[in-house]
Each structure stands twice: as C-alpha cells, then as structure tokens.
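The values are calculated or read from the model by the stated rules, or taken from the named source; none is laboratory data. Just so it is clear, the structure is predicted and the values come from calculations on it, not from any experiment. All Cβ positions, glycine included, derive from the backbone under ideal geometry; neighbour counts span all protein chains shown.
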C-alpha cells in the first residue's frame with residue numbers, strides 16, 4: 001500500500017515551475033555561450049559582498065542567527081521600518097509559499113494575471129487554492145480587472161508584480177497606490193517588487209500600518225545574489241508576525257546573511273550595477289531593432305521583445321537561440337507569448353547575441 | 001478587518017522551535033565563551049569545502065541548479081542509490097516540513113516520542129496534525145511503544161531519530177530494521193539520521209524499494225556545515241518524487257552545493273573530524289564525572305549528562321552555565337529533563353567548561 005498523501009497532494013501533478021539552464025546544458029552536452037534567460041544579474045554582487053562571503057565561509061559550522069539580527073537591522077535603517085516589519089526567506093519563492101500557506105485553503109480563490117509569475121501559481125495550486133486570472137492589457141497587468149475579479153470572487157489574496165515579470169512593464173507609484181487604496185480590507189495584496197531596485201521611483205511609499213499589503217523584496221536581482229537565496233517581506237507587524245508561525249526559522253544561510261549585509265551597505269556599487277544593466281538593455285533593444293524585432297519598454301533587468309509573430313513563432317525562436325548557445329526564456333500566456341525575454345548581459349554576452357540572433361531568425 | 005488566515009494558521013501560536021545563541025548573546029550583551037549548545041560541529045567542514053565555497057562566491061549571481069545534479073550524482077555514488085531516490089532541502093528542517101505537508105491534514109495522527117525533535121512537532125502542528133507521543137524508555141526511544149501507538153491511532157506518519165537527539169541514545173541496526181519490518185505498510189517512517197555519520201554501523205541497510213521509509217541526512221552535523229543548509233532525503237522513487245510536487249525547487253544555495261560536494265568527497269577529513277568529536281566527548285564525560293554528574297552513552301556529537309536532580313535543577317544549571325558564558329541546552333520532557341546536553345567542542349571550549357561547570361554547580 002502507498003503512503004497516504006493528503007487529498008491536495010494526491011491531486012497535484014509533479015511539476016517544476018522552471019527548468020534550469022543547467023538541465024538544458026546537460027541535454028545539449030555543452031554550456032551556454034550566453035546565459036540570458038533567468039533574469040540573473042550577470043554583473044554580480046559588490047566585491048565587498050563576495051569578500052564577506054569568503055570571509056564567512058570558515059564559520060559555516062554554525063547555524064545562522066534565526067533572528068537575522070544584523071541584516072534585519074541594516075534593512076530597517078535602509079527602509080525606515082521596524083524589526084517587526086521584516087521577515088526573511090530563502091528567496092521570494094520561499095516567502096510566496098509561506099504567504100500562500102497563511103491564507104489559502106482548498107478552494108480559496110486567489111487572483112493574479114494570466115501569465116504572471118508561475119512560482120506563485122505553483123504555491124497556490126500546492127495548497128489547493130483556485131487561481132482566478134485576468135489577462136494582461138497592453139502588455140501590462142490590468143489593475144482594474146484584478147481589483148474587479150478580487151471583489152467578484154471575494155479573494156483573500158491577490159498578486160501583483162511591479163515591475164512585472166515576464167513583460168518588463170510597470171505601473172507608476174500613483175497607480176499602485178490607488179490600487180492599494182481600493183483593495184478590499186480583507187484582501188491581502190502580495191506586491192512582488194523583486195525588480196524594484198531598478199526603478200525605486202515606481203514603488204509606492206512603504207506603509208507599515210496596512211495589514212493587507214505585503215511587499216516582497218530580494219537580493220537576487222539588482223544586488224546580484226540569486227544563488228544566495230535571500231528574500232524578505234515588508235509589512236504590517238501582525239501580518240509579518242504570522243510568517244513566524246510556520247516558516248523555517250533556521251533556513252537562512254549564514255554566508256548569505258553576511259553577503260547580503262555587505263551588499264546592502266554598498267549602495268554605490270548597486271547604483272553602478274543598475275547603470276550597467278540600463279546600458280545593456282539599451283543595446284539588447286538595439287540588437288532587436290536591427291533584426292526587425294520590437295523591444296518593449298522595461299523597468300527590470302531584462303528586455304521583452306515582440307518577435308513579430310505568434311506564440312509558435314516565438315517558441316521556435318527561443319528553441320533555436322538555445323540550440324545555438326543563447327539561453328533565453330519567454331512569456332507563457334497567449335498574446336504575451338508573441339515575445340521572447342532577454343536578460344541584461346555583459347558586452348561579451350551581447351556580442352554573442354548580436355551574432356546569433358540574425359542566424360536564428362534566418363534559420364526559422 | 002484582518003487578513004483571512006486559514007483556520008489552521010489562525011489557531012497556531014507564534015512559536016520558534018529554538019532560540020538561537022545569538023539571541024542570548026544580545027540579551028547578555030556579550031558573546032558566549034564556549035558555544036556548545038546547538039550540536040554544531042566546531043571542527044568545521046573540510047578545508048576543501050571552505051575553499052570550494054570561497055571559489056564559488058563570485059558565481060553567486062546565478063541561481064543554483066534546481067536538479068542539484070553534481071551533488072546528487074556524488075551522493076548516488078556514495079550511497080549506491082539512483083537519482084530518483086534523493087531530494088534536497090534547506091536542511092532536514094525544511095525536508096521535515098515538506099514530508100509533513102505531504103501526509104498531514106487537520107486532525108491527522110502523527111506518532112513521535114515525547115521530547116523528541118521539536119521542529120518536527122512544529123511542522124506537524126503547523127499543518128494541523130495531532131501529535132501522538134509515547135515516552136522514552138530508559139532514555140531511548142521506545143520502538144515497541146511507537147509501533148503500538150502507530151497501530152492504535154492508524155498513523156500515516158511516524159518519527160524516529162537514530163541516533164536520538166536530545167538523549168544521544170541509539171538502537172542498533174538490527175533493532176531499527178526490525179522496527180521497519182513491522183511498520184504498517186501505509187505508515188511512513190521518517191527516520192531522522194542527522195547524526196548517523198558518527199555511527200554509520202547503526203544504520204540499517206538502505207532499501208530504496210520500500211515506499212514507506214524516508215531517511216533524512218544532512219551536511220549540518222559530521223560534515224560541519226550547519227550554516228549552509230544542505231539536507232537530503234533518501235527513499236523510494238515515488239515517495240521522493242512526491243517532494244517535487246510542493247518543494248521550493250530553487251531553494252538551494254549555489255555556494256552550499258559546491259561546498260557540500262567538496263565535503264562529501266573528502267571522506268578522510270570526515271573520519272578525522274569524527275575522531276576529534278569522539279575525543280572531545282570523552283573529555284566532556286570526564287569533566288562531568290569529575291563534578292559528580294553522570295554522562296550517558298552517546299552515538300552523536302554531544303553528551304547528554306544526568307545532572308543528578310530533577311528538571312528544575314537541570315534548568316537552573318543550564319541558566320547558570322549560560323550566564324557564565326557556556327551555551328548548552330537540555331531535553332524538554334519530564335524525566336529526560338533531569339539532563340543537560342553539551343556538544344563536542346575544541347580543547348579551548350572544554351577548558352572553559354572544566355573551569356565553569358564546578359563554579360556553576362557551586363552557585364546553585
């Protein structure tokens with residue numbers, strides 16, 4: 001007889017939100033020439049963060065401080081919030097899982113955009129929730145439609161990414177603030193701001209008194225530490241306190257804590273890195289245009305590019321690019337899937353892109 | 001209005017399975033002189049593992065391979081199992097959470113020993129399960145009583161640690177194998193072998209064909225990498241595959257993957273570290289005896305010591321030791337709480353213990 005899985009688990013498929021580029025590399029039998037698909041920050045973290053991690057490596061025999069005291073203190077100063085307003089997780093992915101667990105029971109309606117972040121959906125499905133999606137509108141998340149659907153289905157949880165992944169689009173701070181102001185009081189907004197360090201001007205002011213808004217932040221993107229798994233949630237004290245009821249208190253990596261702290265304290269490096277990404281994105285857009293494709297505006301570290309055809313065309317382009325050594329990804333949902341998505345890269349990465357993109361289009 | 005927490009979450013207290021030593025240090029306003037309470041391995045990982053982590057630090061901008069391909073391959077060779085038999089998590093703590101999630105719904109009975117690993121209980125409570133505990137017997141987990149209770153309550157999940165924490169006691173491989181053989185087929189045994197690298201001879205042979213046994217292993221103890229958060233579960237393919245339905249696929253730290261691989265490949269260092277721990281434990285036992293206390297036999301990296309009184313006496317001793325700079329912990333449950341628990345330390349750590357223990361006893 002088999003283990004007695006819960007009814008939720010018994011009904012779940014074995015899925016993985018994303019296939020890693022290493023899996024492709026093993027399939028192809030060779031490494032990618034340019035790794036431009038996972039929205040990583042190829043410019044990496046501050047050298048001070050690398051140094052801090054190297055220095056901390058010998059202390060790895062100790063568990064990390066489960067209160068994340070030093071890093072939390074630095075973030076409190078950075079954001080002007082209290083310790084009770086911050087909770088850490090192994091990346092935003094992990095925090096999304098905890099947030100969903102807090103609010104979603106079998107059948108609970110959860111509102112998001114069709115084609116938005118798959119890992120959020122993975123967690124909603126994983127706790128038996130019912131995804132209620134609304135389409136993008138002009139390649140942006142449709143704030144009005146999201147709100148309306150949340151009201152219609154009386155959703156306890158709604159997801160919005162600003163800036164958006166995979167489209168790179170955004171709403172200005174005023175629009176998001178207005179969205180927050182119109183939320184039903186018992187609907188929690190998960191505001192995923194993974195990319196906000198690229199455009200801090202579009203973040204509404206932090207308000208730690210609203211019990212129904214949680215802001216997700218990360219060291220994976222602009223801080224260049226995706227492999228370190230340091231994400232955090234900002235929110236009102238009781239909501240943040242609820243995370244402590246179920247999270248893994250000892251899940252943080254001790255070396256990562258040291259690295260994130262050093263990265264946070266080097267805001268000068270962050271600004272340089274953000275500028276490099278802007279330059280890289282401009283060149284990606286140029287390369288796209290030179291090949292007859294249409295780059296979309298982006299507030300992130302990637303450029304989403306209209307490949308000029310339908311989803312099948314874009315999917316074929318992604319496959320050919322990958323076969324020729326350029327790792328990219330693309331949106332999943334019909335309409336948006338006319339696009340491919342290319343992360344900022346080094347000059348060398350973009351030389352390769354400039355070389356291979358026309359070959360790939362020619363080959364189609 | 002408040003967020004609409006699930007009924008499970010609404011009923012949960014805000015608890016933390018363990019308070020970290022850093023929290024104490026902030027309370028006392030000074031660092032511990034000897035950190036001997038968290039069963040960490042003060043001898044640390046192989047220098048090759050430290051070097052591998054330092055070398056990997058600059059690659060932290062990349063997400064880790066979510067298939068953990070290289071580390072998994074090395075562990076497959078080490079254990080003689082297939083890739084389908086291993087799944088990773090951010091420490092055993094995280095894997096316990098996933099396993100509980102797979103099998104526990106509100107009201108599900110789960111059997112464990114009273115006073116066994118609190119983080120397992122934390123997860124069972126966190127998913128609304130009902131803990132069914134049986135007492136220790138002569139400071140060991142009571143295999144017969146555990147089995148009987150599992151049958152009585154028809155439990156889908158039963159927990160056993162071998163060697164045991166917090167008592168340091170163990171059952172020989174034959175006893176555990178017999179326990180496995182007598183399990184109801186639809187009762188999954190979570191066999192927590194966090195400390196097994198200190199006594200591999202007491203591990204029953206790995207059998208990857210039993211769908212109702214999962215073995216929990218870690219790089220946190222003998223491999224000396226508690227802060228790296230690398231645990232793994234070994235089991236039959238379909239049970240291990242179920243983890244993939246809900247786990248965080250990208251939760252592994254890239255630097256930790258590299259470090260764990262290097263640590264695994266340096267079995268010579270592991271053997272030296274295990275020997276150092278044995279020497280340290282012998283000295284801890286001597287120090288205990290010299291102070292009129294009774295060390296218990298231990299198959300782990302710590303020594304549990306009968307403090308010669310009741311729970312109140314042992315608790316007072318722990319407090320005084322901590323106040324004087326020696327971080328130790330103790331069992332929670334009545335009967336076992338006559339003991340304190342001291343992790344193996346360096347010579348310098350034990351010099352401090354030898355100095356402070358008599359003072360602490362004197363002060364009581």
**Message:** Among the residues in segment A:23-33, are any facing another protein chain (nearest Cβ under 7 Å) and either surrounded by 15 or more Cβ atoms within 10 Å (Cβ to Cβ) or touching a strand residue (DSSP E or B) at 6+ places or on another chain (Cβ under 8 Å) (or both)?
**Reply:** yes
**Asked** Which residue out of A:173, A:203, A:194 is under 18 Å from residue A:235 (Cα atoms) and touching a residue at least 60 places away in the same chain (Cβ under 8 Å)?
**Response** A:194
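Residue-by-condition table, conditions (1) part of a helix (DSSP H, G or I); (2) in the same structural domain as residue A:168 (by TED's automatic domain parsing); (3) at positive phi; (4) modelled with pLDDT of 95 or more:
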| site | (1), (2), (3), (4) |
| --- | --- |
| A:81 | no, yes, no, yes |
| A:110 | no, yes, no, yes |
| A:115 | no, yes, yes, yes |
| A:124 | yes, yes, no, yes |
**Fill in**
In segment B:258-268, residues that are more than 21 Å from the chain's Cα centre (by Cα) and assigned to a helix (DSSP H, G or I) total 4
**Request:** From (1) without any contact (Cβ under 8 Å) to a residue 40 or more places away in the chain; (2) under 30 Å from residue B:207 (Cβ atoms); (3) surrounded by 20 or more Cβ atoms within 10 Å (Cβ to Cβ); (4) more than 22 Å from the chain's Cα centre (by Cα), pick out the condition that doesn't hold for residue B:54.
**Result:** (2)
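Looking for whichever is crowded, with 22+ Cβ neighbours inside 10 Å, outside the structural domain of residue A:347 (by TED's automatic domain parsing) and either out of contact with any helix residue (DSSP H, G or I) (no Cβ under 8 Å at 6 or more places or on another chain) or outside any helix (DSSP H, G or I) (or both) here; the options are A:88, A:120. Which one fits?
A:88
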**Prompt:** How many residues does segment B:1-22 hold that are surrounded by 13 or more Cβ atoms within 10 Å (Cβ to Cβ) and in contact (Cβ under 8 Å) with a residue 24 or more places away in the chain?
**Reply:** 6
**Message:** It is to be established whether one or more residues within segment B:316-329 are in contact with a strand residue (DSSP E or B) (Cβ under 9 Å, 6 or more places away or on another chain), under 20 Å from residue B:42 (Cα atoms) and within 14 Å of chain A (Cβ to nearest Cβ).
**Reply:** yes
**Message:** As an exercise: evaluate residue B:250 against (1) in a helix (DSSP H, G or I); (2) crowded, with 23+ Cβ neighbours inside 10 Å; (3) within 7 Å of chain A (Cβ to nearest Cβ) and give the number of the one condition it does not meet.
**Reply:** (1)
**Request:** Evaluate segment B:94-104: report whether one residue or more is surrounded by 22 or more Cβ atoms within 10 Å (Cβ to Cβ) and not in a helix (DSSP H, G or I).
**Result:** yes
**Complete:** residue A:19 meets each of (1) at the interface with chain B (Cβ under 7 Å from one of its Cβ atoms); (2) under 18 Å from residue B:247 (Cα atoms) with one exception, condition (1)
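Looking at segment B:105-117 only, could you name the residues that are crowded, with 19+ Cβ neighbours inside 10 Å, in contact with a helix residue (DSSP H, G or I) (Cβ under 9 Å, 6 or more places away or on another chain) and more than 21 Å from residue B:7 (Cα to Cα)?
B:111, B:112, B:113, B:115, B:117
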**Request:** Please find, within segment B:126-143, the residue that is nearest to residue B:196 (Cα to Cα) out of those that are outside any loop (DSSP other than H, G, I, E, B) and away from every other protein chain (no Cβ under 12 Å).
**Result:** B:140
**Item:** Only one of B:245, B:281 that is buried (at least 22 other Cβ atoms within 10 Å of the Cβ) and either closer than 17 Å to residue B:90 by Cβ or within 9 Å of chain A (Cβ to nearest Cβ) (or both)
**Value:** B:245
**Request:** Out of the residues in segment A:160-190 that are more than 14 Å from every other protein chain (Cβ to nearest Cβ) and part of a strand (DSSP E or B), state the one that is farthest from residue A:300 (Cα to Cα).
**Result:** A:160
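Before we move on, is residue A:302 over 23 Å from residue A:167 (Cα atoms) and within 20 Å of the chain's Cα centre (by Cα)? Steps first, please.
Working: over 23 Å from residue A:167 (Cα atoms): no; within 20 Å of the chain's Cα centre (by Cα): yes.
No.
A quick yes/no check of all residues on (1) closer than 21 Å to residue B:85 by Cβ; (2) in a loop (DSSP other than H, G, I, E, B); (3) under 12 Å from the mean Cα position of the chain (by Cα):
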position	(1), (2), (3)
B:145	no, no, no
B:148	no, no, no
B:155	no, yes, no
B:194	yes, yes, yes
B:206	yes, yes, no
B:210	yes, yes, no
B:220	yes, yes, yes
B:227	no, no, no
B:238	yes, no, no
**Message:** Filter segment B:37-86 down to the residues that are under 23 Å from residue A:15 (Cβ atoms), within 7 Å of chain A (Cβ to nearest Cβ) and out of contact with any strand residue (DSSP E or B) (no Cβ under 9 Å at 6 or more places or on another chain) and list them by number.
**Reply:** B:63, B:64, B:65, B:66, B:67, B:69
**Prompt:** For segment A:218-235, how many residues meet the condition of being at the interface with chain B (Cβ under 9 Å from one of its Cβ atoms) and touching a strand residue (DSSP E or B) at 6+ places or on another chain (Cβ under 9 Å)?
**Reply:** 4
**Message:** Kindly evaluate residue B:197 against the criterion of being over 26 Å from residue B:133 (Cα atoms), surrounded by fewer than 24 Cβ atoms within 10 Å (Cβ to Cβ) and assigned by TED's automatic domain parsing to the domain that holds residue B:90.
**Reply:** yes
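Would you mind stating whether residue B:272 is surrounded by 19 or more Cβ atoms within 10 Å (Cβ to Cβ) and more than 23 Å from residue B:177 (Cα to Cα)?
Considered against the rule, which asks whether it is surrounded by 19 or more Cβ atoms within 10 Å (Cβ to Cβ) and more than 23 Å from residue B:177 (Cα to Cα), residue B:272 comes out as no.
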**Pairs, first assigned by TED's automatic domain parsing to the domain that holds residue A:38 in segment A:324-343, second assigned to a loop (DSSP other than H, G, I, E, B) and modelled with pLDDT under 95, C-beta under 9 Å, six or more apart** = A:329/A:18
